[in-house]
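The values are calculated or read from the model by the stated rules, or taken from the named source; none is laboratory data. Here the structure is a predicted model, which means the values were calculated and not measured. Here the Cβ positions follow ideal geometry from the backbone for every residue, glycine too, while neighbour counts run over all protein chains shown.
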Amino acid sequence: MSGRLCRRLLRLGCPASSAGSWSRLSGTGRPGAGRSGTGRSGLSGGGRMNVFSREMKQRQKDWAAQLQDSQQYDYLREELHLHPPPALLCTRSDQVGSRVADRVYDIARTFPLALDIGGGRSHIAEHLSKEVVERFCLTDVSQQSLRRRRPSEIPTHCVLADEEFLPFKENTFDLVVSSLALHWINDLPGALRQIHQVLKPDGVFIGAMVGGETLYELRCSLQLAEMEREGGFSPHISPYTAVTDLGNLLGQAGFNMLTVDIDDIQVHYPGIMEVMTDLQGMGESNCAWNRKSLLHRDTILAAAAIYKEMYGSEDGSIPATFEILYMIGWKPHESQAKPAKRGSATVSFGDLSKISRPSGTDQP
Amino acid sequence: MALPRVFTGAPSILKQIYLRLSSSMSGSNVWSRTREKMRLFPELFAQCANEAAVYGKCVAATTTGTQELRKDLCAKEFEALKICFTNAAKKRAR
């Protein structure tokens with residue numbers, strides 16, 4: 001089994017609580033010769049985008065995972081059944097992980113081998129059952145997150161690897177999922193191309209990423225506060241992919257039959273500090289190279305006032321918007337439906353009007 | 001996404017060295033003390049809701065009006081807010 005996945009997989013023994021196995025690959029940051037065609041050679045033209053410090057993101061995720069109460073920050077990633085965490089008031093306690101799992105269920109197939117990229121504490125696998133996915137492979141940069149992953153009935157491999165350098169052979173997986181991890185990838189076209197490569201033909205990629213207008217309230221408040229207090233501003237929110245670009249990205253990576261849709265989640269918080277604390281607890285702190293290393297307390301005070309005044313609701317809470325983009329793409333295969341050939345129509349559009357005519361006769 | 005940068009992991013060399021020397025973060029150090037102080041922020045801020053609203057309105061007016069936002073445009077309102085905040089902090093510390 002390990003030979004099929006990757007030649008350099010090492011089995012380090014099973015963690016006690018689940019039927020899975022550990023693998024650590026030293027491949028973060030180096031595309032090795034043993035890997036098949038990871039992105040680099042396929043790139044035309046100049047340097048890669050380098051927006052985020054992946055090492056910093058790993059440290060932040062590790063820190064967030066080893067918090068005592070890390071589950072309370074998971075509301076965005078997974079289901080929130082019983083009691084909402086004390087720091088926030090949810091208007092819609094929707095969950096990304098379970099929605100991605102819903103999309104997997106919508107496909108009437110059983111997937112022998114699935115991959116979760118940037119899965120962290122594995123919020124998708126706990127919603128899936130063995131009938132749908134037989135074996136699961138979980139990837140993340142953060143070892144602490146993998147250690148503390150949620151239990152699932154599917155046998156899981158854990159692989160410590162960077163999302164931008166997938167250490168898997170071509171045509172390995174039937175299903176690749178990714179939930180809230182793609183927005184920290186530096187080279188998104190390259191990563192999508194790698195996902196395309198590790199998929200088998202007629203395999204499917206289902207992803208959810210944060211995009212578009214996420215946290216625009218926080219961004220604007222901080223921008224205005226810094227402008228007024230300090231005379232200039234620096235970016236505190238990372239750049240996001242617009243939904244219009246996503247279709248192009250997936251198409252360029254080689255995916256077919258694309259589906260992209262948006263979900264707007266508004267979470268209400270008591271104040272700006274709770275927003276920032278929760279983001280930190282989720283492991284979503286800023287790790288862009290151009291981030292400012294500190295935020296003046298005057299600026300925080302000003303931003304709190306501006307946020308409340310501009311976006312606050314009547315009950316005193318402030319909303320934070322998370323725009324989640326869901327995408328589904330298929331690796332091409334002959335069995336997939338293709339556009340019909342020109343000139344092969346058998347009915348005309350003019351006949352459409354005849355459909356709604358009241359049936360004195362047996363018209364369809 | 002945003003965060004007061006001083007609270008995240010190891011921004012500076014000094015902090016890295018400090019963390020390696022001290023055995024764990026559970027002891028009292030400048031970062032845990034600062035973090036504790038920041039925890040009081042929402043409570044103190046809630047006591048200055050009026051001043052905050054006035055300041056917020058002043059800044060928000062620039063987004064709709066013709067006047068462009070520049071440094072210290074709403075300095076008076078901010079001073080009032082800051083004084084209220086500092087007083088609330090002093091009262092609490094007592």
* Can you tell me which residue in the range A:225-274 is modelled with the lowest pLDDT, limited to those that are over 30 Å from A:LEU199 (Cα atoms), surrounded by 15 or more Cβ atoms within 10 Å (Cβ to Cβ) and of a type in the set (Gly, Ala, Ser)? -> A:GLY271
* **Residue list for the range A:125-143, filter: β-branched (Val, Ile, Thr) and over 24 Å from A:ARG59 (Cβ atoms)** => A:VAL132, A:VAL133
* **Scan of the range A:306-359 for residues that are within 30 Å of B:ALA60 (Cβ to Cβ), out of contact with any helix residue (DSSP H, G or I) (no Cβ under 7 Å at 6 or more places or on another chain) and assigned to a strand (DSSP E or B), ordered by number** => A:PHE322, A:GLU323
* Which of the residues that make up the range B:47-68 are surrounded by 17 or more Cβ atoms within 10 Å (Cβ to Cβ) and not in a helix (DSSP H, G or I)? -> B:CYS48
* Filtered residue count, the range A:56-88, keeping only those that are modelled with pLDDT under 80 and of a type in the set (A, V, I, L, M, F, W, C) -> 5
* Structure fact -> Conditions (1) touching a Lys or Arg at 6+ places or on another chain (Cβ under 8 Å); (2) modelled with pLDDT under 90; (3) under 30 Å from A:ASP202 (Cβ atoms) -> A:ALA345 fails only (1)
* Asked: What number of residues in the range B:50-89 are without any contact (Cβ under 8 Å) to a residue 12 or more places away in the chain, of a type in the set (Gly, Ala, Ser) and facing chain A (nearest Cβ under 8 Å)?
  -> 3
* What number goes with the only condition from (1) at pLDDT 80 or above; (2) at negative phi that A:GLY316 does not pass? -> (2)
* **First in the range A:260-276 and closer than 17 Å to A:LEU76 by Cβ, second anywhere and hydroxyl-bearing (Ser, Thr, Tyr) and surrounded by 20 or more Cβ atoms within 10 Å (Cβ to Cβ), Cβ under 6 Å, 6 or more apart** => A:VAL275/A:TYR269
* To do: Kindly establish whether B:ALA88 is touching a Lys or Arg at 6+ places or on another chain (Cβ under 8 Å), surrounded by 13 or more Cβ atoms within 10 Å (Cβ to Cβ) and either assigned to a helix (DSSP H, G or I) or at pLDDT 90 or above (or both).
  => no
* Asked: If you scan the range A:247-277, which residues turn out to be of a type in the set (Gly, Ala, Ser) and within 10 Å of another protein chain (Cβ to nearest Cβ)?
  -> A:GLY271
* To do: Sort through A:THR321, A:THR277 and tell me the only one that's modelled with pLDDT of 90 or more and out of contact with any His (no Cβ under 8 Å at 6 or more places or on another chain).
  => A:THR321
* Structure fact -> Taking the range B:59-80 and keeping only residues that are over 19 Å from the mean Cα position of the chain (by Cα) and more than 18 Å from A:HIS296 (Cβ to Cβ), one is left with B:ALA60, B:ALA61, B:THR62, B:THR63, B:THR64, B:GLY65, B:THR66, B:GLN67, B:GLU68
* Residue that is modelled with the lowest pLDDT, among those in the range B:24-46 that are more than 11 Å from chain A (Cβ to nearest Cβ) and outside any loop (DSSP other than H, G, I, E, B) -> B:TRP31
* Structure fact -> Of the residues in the range A:205-231 that are more than 8 Å from every other protein chain (Cβ to nearest Cβ) and small (Gly, Ala, Ser), the one that is farthest from the chain's Cα centre (by Cα) is A:SER221
* Output the residue which, of all residues in the range A:296-312 that are within 16 Å of A:LEU215 (Cβ to Cβ) and small (Gly, Ala, Ser), is nearest to the other protein chains (Cβ to nearest Cβ). => A:ALA304
* If we scan the range A:143-161, do we find a residue that is buried (at least 24 other Cβ atoms within 10 Å of the Cβ), within 13 Å of chain B (Cβ to nearest Cβ) and in a loop (DSSP other than H, G, I, E, B)? -> no
* When the range A:201-215 is examined, which residues are found to be out of contact with any Lys or Arg (no Cβ under 7 Å at 6 or more places or on another chain) and surrounded by fewer than 20 Cβ atoms within 10 Å (Cβ to Cβ)? -> A:GLU213
* Residue count for the range A:94-124, restricted to those that are assigned to a loop (DSSP other than H, G, I, E, B) and either under 18 Å from the mean Cα position of the chain (by Cα) or within 22 Å of A:ASP62 (Cα to Cα) (or both) -> 9
* Do the conditions hold for A:THR139, that is, is it without any contact (Cβ under 8 Å) to a residue 40 or more places away in the chain and over 18 Å from the mean Cα position of the chain (by Cα)? -> no
* A:GLN280 passes all but one of (1) within 21 Å of the chain's Cα centre (by Cα); (2) within 11 Å of chain B (Cβ to nearest Cβ); (3) surrounded by fewer than 16 Cβ atoms within 10 Å (Cβ to Cβ); which number fails? -> (3)
* Hey, does the range A:316-324 have a residue that's farther than 24 Å from A:PRO235 by Cα and at the interface with chain B (Cβ under 9 Å from one of its Cβ atoms)? -> yes
